[in-house]
Amino acid sequence: MACIELNLSEFGFLPEAVFRQYDLYDSLYNILKVKTFYPFIADQQKTFSRFPKNVLSAVELQHQEAPANLHIFPVTNSESNIGYFLLKFRESSSYQPDYFQTILEVVSVFMQNLFESMEMTKSLYQSEFENTLNAQIIDNISEGVIITNTEYQIVYINQMSSMMFGFAPSDVIGHPLDDLLVTTEGVSKLVQSLSDNDSPHETSDASSIQYLHRRSGESFPCHIRLSFLDFDEKNKYTIFVLTDNTETEESRLKTEQLAQRAFLGDFASMLAHEIRNPINNMSIWLQNIKSLTQEEDEVYQAANRIEEDCSRVSHLISNILAFSRPLKLNLEETDLSQYLNETIDRWKLNFARANIKTYYSAPDDLPKIFIDPRSMEQVFNNLIGNAVDAFDNKGGVISFKLSLHESEIGRKQILISVSDNGPGIPDELIDHIFEPFVTSKKKGNGWGLALSKRIITSHKGTVQVKSYPGGTVFEIMLPTNSGG
């Protein structure tokens with residue numbers, strides 16, 4: 001109608017970003033893309049904001065093939081632009097600014113009314129939710145609340161949930177909840193497993209503890225409770241009430257760790273006194289037996305196997321003592337890139353025997369950090385030794401990577417990544433791999449990673465493990481000297 005009234009060859013509407021919150025945005029943009037002048041304005045949309053508001057102006061496009069008879073008319077609402085009318089005049093048209101201005105002002109009223117109608121619908125929709133949910137969330141104001149429709153698309157998210165995950169409501173509303181709550185089983189199966197089919201939806205109090213991820217990638221334990229809201233047959237919603245259990249879980253772990261260390265301290269002292277001395281005596285007698293026999297004798301071989309078992313028991317006692325005693329660090333300023341490279345060099349012979357290839361990368365500008373070289377050597381030897389054992393003499397690849405990271409609070413850290421393409425860690429062990437006596441090795445005693453985590457924690461660092469069939473990745477984060 002505008003083309004006929006104004007004798008135009010083409011007429012289009014370019015929506016501003018404010019339309020993105022409505023489904024109409026894509027429709028308007030798709031209509032605009034079929035216009036012949038679209039290629040010339042696509043890269044110059046930002047310049048339109050400089051044109052006078054509600055004034056028809058000629059558009060000067062810096063392109064030799066651009067149409068010379070293209071004009072723009074900004075459409076405003078409450079003193080802000082909501083889009084632009086784009087007019088392409090016919091060559092035979094006579095330019096009448098006042099007449100065109102009047103017609104466009106009338107047409108813009110329809111677009112303003114459309115926008116205001118959508119705004120009002122959105123406000124009413126939000127108010128309906130807030131009024132209905134107020135009684136349910138007032139007692140849980142410190143908890144996160146996310147509401148989804150029947151397709152598990154997010155229709156509401158409160159401020160606590162935004163802080164919990166690091167996303168603004170506008171970032172996630174309209175998106176599938178699976179994009180925010182990344183779980184192994186998926187949101188639909190999680191709801192199905194938690195829902196009580198025998199109880200009415202309104203009284204459901206199903207709950208679960210899940211490990212979720214913030215925007216930064218940090219994993220955290222979250223308690224999830226479900227309830228349901230039915231307006232009518234077509235409008236049914238699922239309410240997810242989330243509680244961040246990070247502090248609770250940390251307190252529990254610290255309490256368990258303190259109790260465990262207190263017990264191990266007493267137990268280790270008893271072991272050292274009651275077992276170590278007999279073991280040492282047995283080792284001396286076994287060496288005497290071996291000296292009186294030949295290597296090919298059965299007695300020699302039996303004595304050798306018993307001596308190896310004695311050595312394992314002695315090593316286990318040493319680990320228990322090390323874990324139970326307070327850890328004293330002798331910190332030295334260290335070039336971590338050179339230090340790790342030297343550690344890898346000491347394993348080269350073992351790598352060659354086991355047919356293992358290694359890859360190592362580190363940035364040139366990596367800052368020095370304070371570490372206890374002897375303690376950290378034990379950490380890397382444990383990680384490398386575990387990877388070598390996992391290959392079971394079948395060969396493989398171990399990769400070492402250093403990189404510099406900055407936390408959300410501006411703390412500079414060095415990330416040490418040690419990965420292998422071995423069989424991975426069994427699912428039933430992955431959540432307990434840093435606990436004593438937990439191991440997937442046939443001859444392991446489950447102390448190596450427990451000690452490693454304690455050493456890293458004493459360096460004010462963190463360690464995480466990711467595993468899947470065909471590979472395992474250990475990530476160690478250590479603060480730099482400038483990390484505060």
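For the set LYS254/LYS328; LYS357/LYS412; LYS328/LYS401; LYS357/LYS401; LYS357/LYS453; LYS290/LYS394, the pairs lying more than 22 angstrom apart at their alpha carbons are LYS357/LYS412; LYS328/LYS401; LYS357/LYS453; LYS290/LYS394.
Using only side-chain charges placed at the Cβ, +1 for Lys and Arg and -1 for Asp and Glu, the dipole size of the stretch 141-244 relative to its Cα centre rounds to 280 debye. Per-residue packing, averaged as other Cβ atoms within 10 Å, sorts the ranges 390-399, 357-366 into the order 390-399, 357-366, beginning with the highest.
Taking label positions 7 Å along the Cα-Cβ direction at both TYR125 and TYR211, the computed distance is 3.7 nm, reported to one decimal.
The length gained on full extension between ASN481 and PHE228, counted as 0.36 nm times the residue separation minus their Cα-Cα distance, comes to 86.0 nm.
Values in this text are rule-based calculations from the coordinates and carry no lab data. Small disclaimer: the values here were computed from a predicted structure and weren't measured. We place every Cβ from the backbone using ideal geometry, glycine too, and count neighbours over all the protein chains shown.
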